[in-house]
């Protein structure tokens, strides 16, 4: 077995992108091992998925910290440090990170966002893309910085927007590409590969 980087995943819900990362990391040749899954939501369905895969989990409920976001993140940081984590992947983590955690893990936090950044940062990306009359939609894996959804882009996947698309149909079709893209980009990131193109566009129906 080759050396594997110790990574953690932060989730708030079912964490379907986490599922894709778990499957990828189970391969002996993949350069990462998921050592910890943290959720701010004690009812997150993804916690059971992680436990069933034999991965350590920890709930750090943000409600316990009131409005003190940094105190919440100090607990997250302590958990990451105690598990000797080298890279953090956000997978449906529905909290904006503060400068405290971002700076402590500068260049080491990855996120997947459901749009072709820099288009449509923030929420409701599928509906916004359809409303704007876009012909293409997609997802982006990027490094997390203090500016929301504006960090360096590591990879992108693209799907066409079909004439009869609804927000749900588009989201479901794009999710398949998210599950392919995130592990691929994480692998290149950890191996410090220099891909021929910094943005990979995968046109799929």
Practice task
Show that you can apply the helix-only estimate: for the chain, add -39,500 (n - 2.57) for every DSSP H stretch of four or more residues, divide by all residues, and state [θ] at 222 nm to the nearest 500.
Solution key: -10500 deg cm²/dmol
Exercise for the section: For residue 82 and residue 6, compute 0.36 nm times the residue count separating them, minus their Cα-Cα distance, and round to one decimal in nm. Expected result: 26.2 nm
Handout entry: Percent of beta bridges antiparallel (DSSP, the chain, rounded to nearest 5)
Key = 40
Fill in the blank from the handout: In nanometres, the difference between 0.36 nm per residue of separation and the alpha-carbon distance of residue 150 and residue 63 is 28.6 nm
Problem - Cβ-derived FRET efficiency at R0 35 Å, residue 23 paired with residue 136, nearest 0.05 - result: 0.85
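Read-outs throughout are calculated quantities, based only on the coordinates presented, and are distinct from any laboratory measurement. Predicted model only: the values in this text are computed from it and were never measured. Note: ideal-geometry Cβ built from the backbone for every residue, glycine included; neighbour counts use all protein chains shown.
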